[in-house]
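Colleague: Structure below; questions to follow.
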Amino acid sequence: MKKVLVPITLHTTAEQMRHAVAEAIGMYLNEESVQIHLLSVQRPFSRHVSDLFAPGELGAIRAEAAKEELAPARAAFRAAGVPHLTHLETGWTTATIAR
């Protein structure tokens, strides 16, 4: 099974997201043995910022940010009837996507 990664980051424009999602949908419709992974990469907070929050609060903040960030892509996949898996990772964009 072919896996397609659609990473969405702080720097992804709406146009880039639409293009990536359209390409992934096209791959799925043409092959059907494609598994789509939608990835939100959240940047890490500095220790100074982390110290201001209770344990678990930063995870909730990241999860909410990812949910908002991925909403348009998830809606497009649902509208096209294309199943996808959603992932949230924290780290530096390029290294996290490559991993």
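Colleague: Being closer than 26 Å to A60 by Cα and loosely packed, with under 12 Cβ neighbours inside 10 Å is the filter; apply it to region 1-44 and report the residue that is modelled with the lowest pLDDT.
Modeller: Across region 1-44, the extreme among qualifying residues is L10.
Colleague: Can you pull out the residues in region 1-32 that are over 17 Å from P83 (Cβ atoms) and among the aliphatic types (A, V, I, L, M)?
Modeller: Scanning region 1-32 gives I8, L10, A14, M17.
Colleague: Among what's in region 75-98 and is in contact with a strand residue (DSSP E or B) (Cβ under 7 Å, 6 or more places away or on another chain) and part of a helix (DSSP H, G or I), pick the residue that is surrounded by the most Cβ atoms within 10 Å (Cβ to Cβ).
Modeller: My answer is F77.
Colleague: Show the residue pairs that are 6+ apart or on different chains and have beta-carbon atoms under 7 Å apart, the first residue being within region 32-56 and farther than 30 Å from A75 by Cα and part of a helix (DSSP H, G or I), the second being at pLDDT below 85 and open to solvent by less than 50 Å² (accessible area, probe 1.4 Å).
Modeller: From region 32-56, the pairs are S50/L58.
Colleague: Do you know which residues across region 9-31 are assigned to a loop (DSSP other than H, G, I, E, B) and among the hydrophobic types (A, V, I, L, M, F, W, C)?
Modeller: Result: L10, single match.
Colleague: Among the residues of region 56-70, are any open to solvent by 40 Å² or more (accessible area, probe 1.4 Å), closer than 17 Å to P83 by Cα and in contact with a strand residue (DSSP E or B) (Cβ under 8 Å, 6 or more places away or on another chain)?
Modeller: No: zero hits.
The values are calculated or read from the model by the stated rules, or taken from the named source; none is laboratory data. These numbers come from a predicted model, not from an experiment. Positions of Cβ are backbone-derived with ideal geometry, glycine not excepted, and every protein chain shown enters the neighbour counts. To get the accessible areas, we keep the full protein, side chains included, count just its heavy atoms, and leave off ligands, DNA and RNA. Shrake-Rupley method; radii C 1.70, N 1.55, O 1.52, S 1.80 Å.
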